[in-house]
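Visitor: Structure below; questions to follow.
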Amino acid sequence: METSWAKLSQQISDCAACALCEGCTQKIPGQGDPSAPLMLIGEAPGEQEDRQGLAFVGAAGQLLTKMLEAIQITRESVYICNTVKCRPPNNRTPLPEETAACEPFLLAQWALVSPKVVLLLGSTAVRCVLGESYRITRCRGQWFERNGVAIMATYHPAALLRDQGRKREAWEDLKQVRQKLDTLGLYQALQRGEP
Ligand code: SF4
């Protein structure tokens, strides 16, 4: 899908390609720096996101902000979105056919942002980007590569809120992301207070 941000925004707004649009208040495309070197992909909008129209603004989003701050990266300097742009009923996991229906939008966002590093947050993003056979527990903490883009997976912040014991592993993953960005000469630009 070749597009511009304006066209993409309209296409997402008009989309009725899966049943998720029937229960959501509004579409949540994502937000952040549209040409960020680091792109984060989560699962789906939740209640707060559905209400506020922004990705990752609920409790999990607040934890994500802290996680980024822990490696001195501001939310404004990255691009954040989800595998699906509509809130699933009762925050259930999106079905494979729903992520498949929404995938063209994710791919279009990926093409427009053109990130150098992608961080996948949780199992749905992992299956959507790496493939159905990949499991977060097995692939987190490892680097993957797709068309020259370095891809790391870690736990979704919502999973970290449920299971604090995973925070240490997530911290190790984030340190690897910081190191990769540093190696690519991109870290300074993402740091708080840097031009
Ligand atoms: S989740 Fe994606 S594919 Fe489904 S209706 Fe919403 S925007 Fe369209």
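Where a number appears in this text, it was derived from the coordinates with a stated rule and is not lab data. Please read all numbers here as calculations on a predicted model, not as lab measurements. Cβ: placed from backbone, ideal geometry, glycine included. Neighbour counts: every protein chain shown.
Visitor: Residue-wise, which Karplus ³J(HN,Hα) couplings in Hz belong to the range 6-19, taking 6.51 cos²θ - 1.76 cosθ + 1.60, θ = phi - 60°, and x for glycine or proline?
Guide: 5, 5, 4, 4, 5, 4, 5, 4, 7, 5, 9, 6, 9, 6
Visitor: Once you measure Cβ to Cβ distances between cysteines in the chain, which Cys have no partner under 4.7 Å?
Guide: That list is CYS15, CYS18, CYS21, CYS81, CYS102, CYS128, CYS139.
Visitor: Quick one: which residues, 5 or more positions from THR83 or on another chain, have an amide H under 5 Å from its amide H? H modelled 1.01 Å from N in the peptide plane, none for Pro or chain starts.
Guide: GLY42, GLU43, ALA44
Visitor: Something else now. Using the Karplus curve 6.51 cos²θ - 1.76 cosθ + 1.60 with θ = phi - 60°, work out ³J(HN,Hα) for each residue of the range 20-36 in order, rounded to whole Hz, and write x for Gly and Pro.
Guide: Ordered by residue, 3J(HN,Hα) equals 4, 5, 6, x, 9, 6, 7, 7, 10, x, x, 7, x, 6, x, 10, 5 Hz.
Visitor: Write down the percent of antiparallel bridges among all DSSP beta bridges whose residues are both part of the chain, to the nearest 5. Could the numbers behind the result be given before it?
Guide: Working: 7 of 20 bridges.
If I count the DSSP bridges inside the chain, around 35 percent turn out antiparallel.
Visitor: Next question, about the same structure. If neighbour count is taken as other Cβ atoms inside 10 Å, put ILE28, ILE151 in order from fewest to most.
Guide: Lowest to highest Cβ neighbour count: ILE151, ILE28.
Visitor: Relative contact order (percent) for the chain, with alpha-carbon contacts under 8 angstrom and 6 or more residues of separation?
Guide: Once divided by the residue count of the chain, the mean separation gives 24 percent.
Visitor: Dipole size in debye (nearest 20) for the chain around its Cα centre, Lys and Arg Cβ +1, Asp and Glu Cβ -1?
Guide: For this selection, approximately 520 debye.
Visitor: Compute the signed sum of charges (Lys and Arg +1, Asp and Glu -1) over the other residues within less than 11 Å, Cβ to Cβ, of GLY61.
Guide: Its environment carries a net charge of +1.
Visitor: Between ALA170, PHE56, CYS86, whose Cα lies farthest towards the positive end of the dipole of the chain when Lys and Arg beta carbons carry +1 and Asp and Glu beta carbons carry -1, centred on the Cα centre?
Guide: Checked the options; the winner is ALA170.
Visitor: Counting only Cα, what are the radius of gyration and maximum Cα-Cα distance Dmax of the chain, in Å?
Guide: Cα-based Rg and Dmax for the chain come out at 15.5, 44 Å.
Visitor: Full extension from THR25 to LYS7: what is 0.36 nm times the residue separation minus their Cα-Cα distance, to one decimal in nm?
Guide: Length gained, THR25 through LYS7: 4.4 nm.
Visitor: Would you please name the GluC sites (Glu not before Pro) within the range 109-174 that are DSSP coil residues with at most 13 other C-beta atoms within 10 Å of their C-beta?
Guide: GLU132
Visitor: Roughly what angle does helix 96-113 make with the longest principal axis of the chain, taking Cα atoms, 0 to 90 degrees, to the nearest 10?
Guide: Once rounded, one gets 60 degrees.
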